[in-house]
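Throughout, read-outs are computed from the coordinates displayed, never taken from laboratory work. Predicted model only: the values in this text are computed from it and were never measured. Cβ coordinates were reconstructed from backbone atoms using ideal geometry, including for glycine residues, and neighbour counts include every protein chain displayed.
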Amino acid sequence: MILSKPEDERKQNETLVTLSVCDVIQEAEDVCTFRLDNLQGQLPVHKPGMFIKVCLDIRGKEVWRSFSISSSPLCPERIDLTIKRNRKGEASNYFFEQVQRGSQLRLKGPLGQFYYDPEHHTEPLILLCAGIGITPMMSIVRYLNDLQENRSCYLFYGARTHRDVIFDQETRQLMTQLPGFHYFLTLSQPVPHWMGYCGHLNFDFIISRIPQIPSCRFFLCGPRNFNQEFQDCLEEMGAPAELIHSEQFHKKRKNS
């Protein structure tokens, strides 16, 4: 299994740059995309799935938080950070209350070892995510679309309610543009008239819809228990450890 680790981050770009917020896009209830202007190329081109570290000045104190990049590397003139508001979290509340068009953000990156590399990752891609964990997956899917590469890719996304779902319209549109792309959304707390898949994302649901597990490459992004559960199941089914990439939104990495 491949994890994004602090020692890996130090080998990457730790140069501090300042970018302006050029747009704020409401994606869902308590979820916004903060789009950063990178027309001058101050932030190097990222690999799909990577994150950046943002330095916020909160009540006179420097607060660093890491956020996955949700935009495609092939649109390097902008950097999208899609953030879910945590009512108890100081950083996300700061974004929603203080950050607007024209705001300046100090940041470092791109960082992390959780990314898709088309030259070396030639297997069918299986993207498993829950909640805001879809953000790095969208960078991967958007990248595939920009490349117009008909790579076999399955995106499995678990959310609580329809109000928590982000990127749904875009993702469904991508299914019409990428013949090899498959998208499955399941809700754990659906409304009565919901016609889609119901329940928590589970392993039986996934294996009934994908090719042979040992021949696929997996990207997992969600809470710690989510990642661990699927990692264990994949290994039991014969998935090689080097084909499992895991990004955890734990206390030091979560969008909070």
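Where the centroid of each part is defined by its Cα atoms, how far is segment 80-127 from segment 165-228 in Å? A separation of 20 Å, based on Cα centres. P(r) for segment 125-248, from all Cα pairs and a bin width of 10 Å, is 13, 46, 35, 6, 0 %, short bins first. Semi-axes of the equivalent ellipsoid of the chain are 28, 21, 18 Å, computed as sqrt(5λ) over the eigenvalues of the C-alpha gyration tensor in descending order.
Of all aspartates and glutamates in the structure, those lying under 17 Å Cα to Cα from residue 88, and not within fewer than 8 positions of it along the same chain, are 29, 30, 97.
Given axes a ≥ b ≥ c from the Cα gyration tensor, I'd like to know whether segment 16-111 is rounded (a/c under 1.5), prolate (a/b larger than b/c) or oblate. Prolate is the answer for segment 16-111, as a/c is 1.5 or above and a/b outweighs b/c.
Just in segment 25-114: which GluC sites (Glu not before Pro) are loop by DSSP and have at most 14 other Cβ atoms within 10 Å? Walk me through the numbers before you get to the answer.
Numbers: sites: 27, 29, 62, 77, 90, 97; in loops: 29, 77.
Hits after loop and neighbour filter: 29, 77.
Computed extension length for residue 63-residue 98: 11.2 nm, one decimal, from 0.36 nm per residue of separation with the Cα-Cα distance subtracted.
For trypsin sites (Lys or Arg not before Pro), the sites in segment 161-256 that DSSP calls loop and that have at most 14 other Cβ atoms within 10 Å are 209, 251, 252. Compared with the alpha-carbon gap, the fully stretched path from residue 189 to residue 215 is longer by 6.1 nm at 0.36 nm per residue.
With respect to the chain, whose longest principal axis is taken over its alpha-carbon atoms, helix 168-177 is tilted by about 60°. Tell me the Kirkwood hydrodynamic radius of segment 56-186 in angstroms, computed as one over the mean inverse distance between distinct C-alpha pairs. Roughly 16.3 Å, rounded to one decimal.
Out of the trypsin sites (Lys or Arg not before Pro) in segment 34-85, which ones are loop residues according to DSSP with at most 14 other C-beta atoms within 10 Å? Don't skip to the end; give the middle numbers.
Numbers: sites: 35, 53, 59, 61, 65, 78, 84, 85; in loops: 59, 85.
Answer by residue number: 59.
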